[in-house]
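The structure appears right after this line, and notes come after that.
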Amino acid sequence: CRTLAALPFASAGYTLNLFSALCGAAAVWLLYRIVSNIEHNRTFDESMSRFNAPFVQALSGAFAALLLATCVPFWLVSTRAHPASCDTLLLLLAFHLLMRFAATGKLMHACLSAFVYGLGVTELATMIVLAPLYGLMMLYVLWRTERLNPRVIAAILACGVVGLTPYIACALQNW
């Protein structure tokens, strides 16, 4: 926000509105990336069809992104100074990084995902409700990539706790 506030024509309201719009646009792009990267394991009959998988995946991603971009509640929070567009971006970014970890097997993606998810928990209470789903997905990906061991789990949990530091600092300050 400080970078945007440094613009010579930017007031605080303009800066926050611009930040919400940028977060909304990034969330739409991330949803496109997430949906278009979901592989469809086709049956034999489907594999004989005229449509190729990359085209259908890109079309699915574009449709999902278009639905999000034209969804009235999302549109309202993305065109005003509202934290929900940033919250949506954090949620989608955490799951996108988890999918990158599943695709590449790089532990850095898992740690970044846990950090972003922890940061998102400090912003959006819905992420607390989604934590079991996120945890099960993380464990499944760790199992699939054959990295399910206590040392890796401890590293990922530590990254998640680092993401929770604003929440922890606020709790300790009020204690």
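In segment 66-101, which residue that is of a type in the set (Gly, Ala, Ser) and surrounded by fewer than 18 Cβ atoms within 10 Å (Cβ to Cβ) is farthest from the chain's Cα centre (by Cα)?
So, considering only residues that are of a type in the set (Gly, Ala, Ser) and surrounded by fewer than 18 Cβ atoms within 10 Å (Cβ to Cβ), the one farthest from the chain's Cα centre (by Cα) is Ala81.
If a residue must be at pLDDT 90 or above, in a loop (DSSP other than H, G, I, E, B) and over 14 Å from the mean Cα position of the chain (by Cα), how many such residues does segment 106-144 contain?
Count: 1.
Within segment 1-46, take every residue that is surrounded by fewer than 16 Cβ atoms within 10 Å (Cβ to Cβ) and touching a Phe, Trp or Tyr at 6+ places or on another chain (Cβ under 7 Å) and give me the one that is modelled with the highest pLDDT.
Top of the filtered list is Leu4.
Tell me which residues, restricted to segment 103-128, are surrounded by fewer than 19 Cβ atoms within 10 Å (Cβ to Cβ) and either over 23 Å from Ile38 (Cβ atoms) or in contact with a helix residue (DSSP H, G or I) (Cβ under 7 Å, 6 or more places away or on another chain) (or both).
Across segment 103-128, the qualifying residues are Leu107, Thr122, Glu123, Leu124, Ala125, Ile128.
So, in segment 143-175, exactly how many residues are surrounded by 14 or more Cβ atoms within 10 Å (Cβ to Cβ), farther than 21 Å from Ile128 by Cα and out of contact with any helix residue (DSSP H, G or I) (no Cβ under 6 Å at 6 or more places or on another chain)?
3
Please identify the pairs in which a residue from segment 68-97 that is of a type in the set (Gly, Ala, Ser) has its Cβ atom under 6 Å from the Cβ atom of a residue that is in a helix (DSSP H, G or I) and open to solvent by 50 Å² or more (accessible area, probe 1.4 Å), counting only partners at least 6 apart or on another chain.
Pairs that qualify, where the first residue is of a type in the set (Gly, Ala, Ser) and the partner is in a helix (DSSP H, G or I) and open to solvent by 50 Å² or more (accessible area, probe 1.4 Å), are Ala81/Leu16; Ala81/Asn17.
Which one is farthest from Leu97 (Cα to Cα), of the residues in segment 145-156 that are of a type outside the set (D, E, K, R) and not in a helix (DSSP H, G or I)? Walk me through it before giving the result.
Restricting attention to segment 145-156, the residues satisfying the condition of being of a type outside the set (D, E, K, R) are 145, 148-150, 152-156.
Still in the running and not in a helix (DSSP H, G or I): 145, 148-149.
Numbers: Thr145: 15, Leu148: 18, Asn149: 20 Å.
Among those residues, the one meeting the criterion is Asn149.
The values are calculated or read from the model by the stated rules, or taken from the named source; none is laboratory data. As the structure is a computational prediction, the values presented were derived from the model and not from experiment. Glycine gets a Cβ as well: all are built from the backbone with ideal geometry, and neighbour counts include every protein chain shown. Ligands, DNA and RNA are excluded from the accessible area calculation, which covers all protein heavy atoms including side chains. Shrake-Rupley method; radii C 1.70, N 1.55, O 1.52, S 1.80 Å.
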